[in-house]
1. When region 68-96 is examined, which residues are found to be within 13 Å of the ligand (Cβ to nearest atom) and of a type in the set (Asp, Glu)?
2. Take residue 34 and decide whether it is away from the ligand (no atom under 12 Å from the Cβ) and of a type in the set (A, V, I, L, M).
3. Test residue 53 against the stated conditions and say whether it is on the phi < 0 side of the Ramachandran plot, within 13 Å of the ligand (Cβ to nearest atom) and over 14 Å from the mean Cα position of the chain (by Cα).
4. Checking residue 86 against (1) over 19 Å from residue 1 (Cβ atoms); (2) over 14 Å from the mean Cα position of the chain (by Cα); (3) of a type in the set (A, V, I, L, M, F, W, C): exactly one of these is not met. Which one?
5. Could you list all residues from region 58-103 that are in contact with a helix residue (DSSP H, G or I) (Cβ under 9 Å, 6 or more places away or on another chain), without any contact (Cβ under 8 Å) to a residue 60 or more places away in the chain and more than 23 Å from residue 14 (Cβ to Cβ)?
6. So which residues in region 104-128 are farther than 17 Å from residue 12 by Cα, touching a residue at least 60 places away in the same chain (Cβ under 8 Å) and within 8 Å of the ligand (Cβ to nearest atom), if there are any at all?
7. So for region 20-27 (the condition being aliphatic (A, V, I, L, M), closer than 23 Å to residue 123 by Cα and within 9 Å of the ligand (Cβ to nearest atom)), does at least one residue qualify?
8. Check residue 94 against each of (1) farther than 13 Å from residue 5 by Cα; (2) surrounded by 14 or more Cβ atoms within 10 Å (Cβ to Cβ) and name the one condition it does not meet.
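Please treat every number below as a calculation from the coordinates, not as lab data. These figures come from a predicted structure and were not determined experimentally. All Cβ positions, glycine included, derive from the backbone under ideal geometry; neighbour counts span all protein chains shown.
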Amino acid sequence: MKKVITYGTFDLFHIGHLNILKRAKALGDYLIVAVSSDEFNAIKGKKCQICDKDRMEIVKAIRYVDEVIPETCWDQKVKDIQEHDVDVFVMGDDWKDKFDELKDYCEVVYLPRTEGVSTTQIKDELKG
Ligand code: C2G
């Protein structure tokens, strides 16, 4: 079984999130998604509209997702890859080259982001 992992906040879930999960799953048979905790997002400097518990539940309900785990720090990825026996690490290409050190542990794939949509843009538009 080919296992894929990806990481993210997935706040205000939108088509860009769905596209990356769909394409990540297409690279294997089993997709694990590590969803950033509220505390970790504070470290990332991101304020979430939706709490981590609800973001995890929403992501878990996506048909392409097989397992959801919490992301609580930047450096858990190697442990996750080893513990979950992951074959492919996937991120959107806004992260291109940022995780190349993981190539020692698994395949690293950066997929093109979905243009024209982002959580920040949605929040700004709602603010008017
Ligand atoms: N994404 C995308 N297209 C968009 C918006 C997001 O493909 N229009 C992708 C991002 O590239 C990322 C995933 O969707 O791979 C989740 O995006 P975010 O929730 O913004 O994740 P981020 O806050 O960047 O957290 O350790 C890694 C971090 O947890 C990534």
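1. Scanning region 68-96 gives 71, 75, 80, 93, 94.
2. Working: away from the ligand (no atom under 12 Å from the Cβ): no; of a type in the set (A, V, I, L, M): yes.
No.
3. On the way: on the phi < 0 side of the Ramachandran plot: yes; within 13 Å of the ligand (Cβ to nearest atom): no; over 14 Å from the mean Cα position of the chain (by Cα): yes.
No; evaluated as a whole, the condition is false for this residue.
4. Among (1) over 19 Å from residue 1 (Cβ atoms); (2) over 14 Å from the mean Cα position of the chain (by Cα); (3) of a type in the set (A, V, I, L, M, F, W, C), residue 86 violates only (1).
5. Residues satisfying the conditions are 72, 73, 74, 78, 101, 102.
6. Scanning region 104-128 gives a single hit, 111.
7. Narrowing region 20-27 to residues aliphatic (A, V, I, L, M): 20-21, 24, 26-27.
Filter again for closer than 23 Å to residue 123 by Cα, leaving 20-21.
When the remaining residues are screened for being within 9 Å of the ligand (Cβ to nearest atom), the result is 20-21.
Within region 20-27, one or more residues are aliphatic (A, V, I, L, M), closer than 23 Å to residue 123 by Cα and within 9 Å of the ligand (Cβ to nearest atom).
8. (2)
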